[in-house]
1. Step through the table entries K245/K283; K286/K354; K62/K354; K128/K353; K133/K353; K82/K270, compare each Cα-Cα distance with 25 Å, and write down the pairs that go over it.
2. If we count other beta carbons within 10 Å of each Cβ, what is the order of T301, T356, fewest first?
3. Placing one identical point scatterer on every Cα of the range 196-244 and ignoring solvent, what is log10 I(q)/I(0) from the Debye formula at q = 0.17, 0.18, 0.20, 0.23 Å⁻¹?
4. How far apart, in nm, are the 7 Å Cα→Cβ label points at E96 and L159?
5. Between L129 and Y471, what length comes free when the chain is fully extended (0.36 nm per residue of separation minus the Cα-Cα distance, one decimal in nm)?
6. For V167, V452, which order do you get if you count the other beta carbons within 10 Å of each Cβ and list the fewest first?
7. Quick one: net charge of F164's neighbours, Cβ under 14 Å, K/R +1, D/E -1?
8. Can you bin the range 302-343 into rounded, prolate or oblate? Criterion: square roots of the alpha carbon gyration tensor eigenvalues sorted a ≥ b ≥ c, rounded for a/c under 1.5, prolate for a/b above b/c, oblate for the rest.
Amino acid sequence: METITKVVPDQYIDLKSDSSTRITNSPTPGSRRADAAFEFLQQQRALYSTAPSVNEKELLRKIDYRIVPIMFACYTMQFIDKVNINYAAVMGLNKELGLKGNEFSWCATAFFIAFLAAEIPTGMFLQKLPAAKYLGFSVIMWGVVTACTAACHNFVSLLIVRIFLGVFEAAIAPCLILITSMWYTKAEQVPRMSLWYSGLGIGQIFGGLVSFGFQHVESDFSGWRVMFLALGGVTIAIGIWTVWKLPDTPMSSTWLTEQERLAALERVEKNQTGISSTEFKPKQLKELFLDPQIWGIFLCTSLTSISSGVITTYSATVIRGFGYTPKVTALLNMPSGIVSILAAIISGVIVGKKSTRSFWIAGLCVPGIVGGALMSFLPAKEKAGNLIGIYLVNAITATLILLYSWVAANVAGHTKRIAASVMISGSFSLGNIIGPQTFQAKDAPGYFPAKVTVLATQAAAAIVALLLRVYYNYQNTRRDSIERERISEDKSDSMSHVEWMNLTDRENVTFRYVL
């Protein structure tokens, strides 16, 4: 039975369908039950009794310039370092390391198995550690692992570095979701997420150019080995930048004035998702596993990730199968990045202007369905049609950012929000485990089963997204009814610090889900 909370001054009441109530004291500044921002807000509001004279547009621009470039750089390198094995495969890695049969597929899959397994400790660390510092540490470590890939000499060594790469890259999505939600309102989150997520498309374009360039390296040290060393060095530098410049919370930012910090918190107060709390709440974790929306987002993310896993890992292999040289293959893979960028930016901007996530997720599945159909049913000699199919499927990558934004906007309670971010990131990994395994050596060069999988999973994802919309609409209507009833019983209906009580979305009757 769902519990919904109504907040009144100095207390909150759990409302249940049997009308029984349980009253407990509301948090006070310094209480572990309150969000970390609560005490700061109380102190600053005492100092600035009137509204701070801060230009909100200028403040937002200042935050954008300081936060978004770092997140963009981290996500760009996360994608490049994850898929550079795709480019290395056409640069001679398979031959030089003596990979046979499905060994390359297992190296690709091992990354995501490690990624999935590492999500549980990632959630535990993020409950106690600042997301920004943990992100920076993780970026540095996966940069080191990327550079170490240059030393691989056989299947086992490649498998080991891919496992460690997956462990450290597991932090990227949970950290970026938490960081975005603490700085931006629900309406602002999707456009900003689309900006840092467009690093995926930039990574596809840049990765193609990097592969093309390093294929011209003529030395005893293979071009793909030089590529891993160079990319690892860049990633380490970005990790150091992240630790140095990305603040843990708005309260600790050194480039905001005291009034700007207060204004930054007041801007996101209406999100009702809080900023940060080190208190672990088992009740919130239990609620997570009983929440239908979490499983809906989990399923939708898994389905879309199966296709994105197929394309990001094997697009170069498929294009190479059409008879192109490795150098031409690297260049022909670049338009995939353009499609990813356009899909992410266009959907992010429009959703940020009050459009709904559910319709856009379903809509972005349509190019994936069409692309999957072209890849599946056109003969290999129809190179143009097959290439168009590969490019169209890349539109599906933009659904992930909308799914991430659903977690940021629709899940409240710090323990529950961290666990949800970890769980959805894990579902992304699960899809990417399944996707590459649909590519079996026996199906080469057409890989028909993998292409049909792309077609089917996109259709299923679109249906799940629309079902989630129905669920959210039902919950909002139900909450409107409950709140009207409570207001009619209590004319004062004062709301006291509900935004900072570290309540979950299911506990707080004033919380509304975005569709």
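Where a number appears in this text, it was derived from the coordinates with a stated rule and is not lab data. The structure displayed is predicted, hence computed values, not measured ones. Quick reminder, even Gly has a Cβ in these numbers, built from the backbone with ideal geometry, and neighbours come from all protein chains shown.
1. On the way: K245/K283 35 Å; K286/K354 32 Å; K62/K354 23 Å; K128/K353 35 Å; K133/K353 32 Å; K82/K270 36 Å.
Correct reply: K245/K283; K286/K354; K128/K353; K133/K353; K82/K270.
2. On the way: T301 29, T356 17.
Going from least to most buried by this count: T356, T301.
3. Ignoring solvent entirely, the Cα scatterers give -0.61, -0.67, -0.78, -0.91.
4. 2.1 nm
5. On the way: separation 342, 0.36 × 342 = 123.12 nm, distance 3.36 nm.
Length gained between L129 and Y471: 119.8 nm.
6. On the way: V167 21, V452 16.
Result, fewest neighbours first: V452, V167.
7. Here the charged neighbours net out to 0.
8. On the way: a/c = 3.69, a/b = 1.50, b/c = 2.47.
Since a/c reaches 1.5 but b/c is at least a/b, the shape of the range 302-343 is classed as oblate.
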